[in-house]
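Take a look at the structure set out below.
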């Protein structure tokens, strides 16, 4: 029977969980109202089956940011943090202190660079946004993307700035 207040999670356990079930991602949406026509959204997530919902709730408490939602697409629950300030203040420092040991470490390195650029508003500069595209498309090479990089670059070229 689950306890009402499960013990807090070990930080190294969190890193191991993310190594297997987590994702550092940067998504892009086309937004005509934006100066460059593209919205940049970094996010960190962990996806688990409903059986492990209480574990996700513990992760949510551990980081003290983000939210849990149900994903119809893969029928899992996702803990997700999308606030750049929370990513910079809570998520990134955790993985700097308790580093990822596997291939996901490279995605994290690229993610950190993109988050720094977004936090410095460089995603509002044509040249920097193009660099963000390059970095983001190096991440999660087997992952699904809504837009091909060439489409985003064409949108960027078409915007009158």
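Once the Cα-Cα distance is subtracted from the 0.36 nm per residue extended length, the residue 27 to residue 67 segment shows a gain of 12.6 nm.
The C-alpha atoms of the chain occupy a region whose extents along the principal axes are 60, 33, 26 Å, arranged from largest to smallest.
Between residue 35 and residue 96, full extension at 0.36 nm per residue minus the direct alpha carbon distance yields a gain of 18.6 nm. Given a Förster distance of 41 angstrom, what is the FRET efficiency for residue 57 paired with residue 131, based on the Cβ-Cβ distance and rounded to 0.05? Efficiency computed from Cβ-Cβ geometry: 0.65. Nearest 500 deg cm²/dmol is fine: what mean residue ellipticity at 222 nm does the chain get from its DSSP H runs of n ≥ 4 alone, each adding -39,500 (n - 2.57), divided by its residue count? Per the formula, -12500 deg cm²/dmol.
Largest mean-square fluctuation among 134, 107, 74, in a Gaussian network model of the chain whose springs join Cα atoms under 10 Å apart, belongs to 74. Once C-alpha pairs closer than 8 Å and six or more residues apart are averaged by separation and normalised to the residue number of the chain, the relative contact order reads 25 percent.
Each part reduced to its alpha carbon centroid, the stretch 54-95 and the stretch 108-161 end up 22 Å apart.
Every read-out reported here was derived from the displayed coordinates using simple, explicitly stated rules and does not represent laboratory data. In this text, all values refer to a predicted model and were calculated from it rather than measured experimentally. In this analysis, Cβ positions are derived from the backbone assuming ideal geometry, glycine residues included, and neighbour counts consider all displayed protein chains.
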